[in-house]
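Worksheet for the structure shown next.
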Amino acid sequence: MSHIDVNAPSVARMSDYLLGGIENYASDRAACARLLGLAPSTAAVVRDSRGFLHRAVRVLAGEHGVEQFLDFGFGLPARENVHQIARRSRPASRVVYIDTDPLALTHGRTILEDDEGTAVVDLDMRDTDALLGHPEVERLIRPDRPTAALFAAVLHCLPDDSDPGGLVARVARRLAPGSFVVISHLVSDDEEFRARTTRLMAEVTGGSWGRVRSSAEVGAYFAGTAPLPPGLGDVRGWRPDGEAAPARPGGEWISWGGVARV
């Protein structure tokens, strides 16, 4: 596991700060201040993605009987995590959390060390063969049972040469019939805004960043799948718990995606 560098911002710790967490450092907070100066809605958009993930897991477990989850780039543990949400409907649910952030791995393993139905795996999520052949994945994920692959707020951390759409497709091909993919991704259809935020995030994370993309680009990641109603779009509109949220400021980003059967 890599050393925790408190002087270099990490996406996981920045997200923790924007969600009101305490597992972050001065470098992360300073990076967030710069980001909020460029895109004031960022904290709300991060919350949008987290809320969408919770609703998606709740629907997949409660309405579709999914009991197996692969959480790609899970970040720092939150007040409610995937296994806790899924087990309200499916007590036997099993979850593999995948990340390479050293603080996320440390906290995840500490919190989950006594939970036999979960595992935290330190592995590059782009290495599909290594991931699906990992002993902990083989222990918890039955290949003949439906699985939900969760890509919540993580694919925008991958550059184009890592082929995030190809990653989704490779994972989807290896899942059992009746499985699902869940994707949320930072999106803006304003080309100038995409370029400015991408440059800033690449700078503050030391290159550990991919790209803000357009809705059309992210929509292509769902090729060959069948999105569940209400389809793809701003994730605030995906099975919202309350009234529809007001529109985000024009020229900024949203969290965009959906849930699809593979």
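The values are calculated or read from the model by the stated rules, or taken from the named source; none is laboratory data. In this text, all values refer to a predicted model and were calculated from it rather than measured experimentally. Heads up, the Cβs are rebuilt from the backbone with ideal geometry, glycines too, and the neighbour counts pull from every protein chain shown.
Taking the conditions (1) within 17 Å of the chain's Cα centre (by Cα); (2) within 26 Å of Leu35 (Cα to Cα) in turn, Glu192 satisfies each one other than (1). The residue that is nearest to the chain's Cα centre (by Cα), counting only those in the range 143-153 that are closer than 22 Å to Gly233 by Cα and at pLDDT 95 or above, is Ala152. Of the helices (runs of 4 or more DSSP H) entirely within the range 25-114, those holding at least 3 residues that are of a type in the set (A, V, I, L, M, F, W, C) and within 13 Å of the chain's Cα centre (by Cα) occupy 42-64. Screening Val204 on (1) out of contact with any Pro (no Cβ under 6 Å at 6 or more places or on another chain); (2) crowded, with 20+ Cβ neighbours inside 10 Å shows it passes everything except condition (1).
Here Arg145 fulfils each of the conditions (1) touching a helix residue (DSSP H, G or I) at 6+ places or on another chain (Cβ under 9 Å); (2) among the charged types (D, E, K, R); (3) part of a loop (DSSP other than H, G, I, E, B) apart from (1). Here Gly231, Gly210, Gly237 are screened, and the one residue that is under 20 Å from Val182 (Cβ atoms), touching a residue at least 24 places away in the same chain (Cβ under 8 Å) and either over 16 Å from the mean Cα position of the chain (by Cα) or surrounded by fewer than 19 Cβ atoms within 10 Å (Cβ to Cβ) (or both) is Gly231. Condition first: modelled with pLDDT of 95 or more and hydrophobic (A, V, I, L, M, F, W, C). Can you find one or more residues in the range 190-210 that meet it? No, the range 190-210 contains no residue that is modelled with pLDDT of 95 or more and hydrophobic (A, V, I, L, M, F, W, C).
When Arg88 is tested against (1) surrounded by fewer than 20 Cβ atoms within 10 Å (Cβ to Cβ); (2) more than 22 Å from Ser184 (Cβ to Cβ); (3) without any contact (Cβ under 8 Å) to a residue 60 or more places away in the chain, just one condition goes unmet, and that condition is (2).
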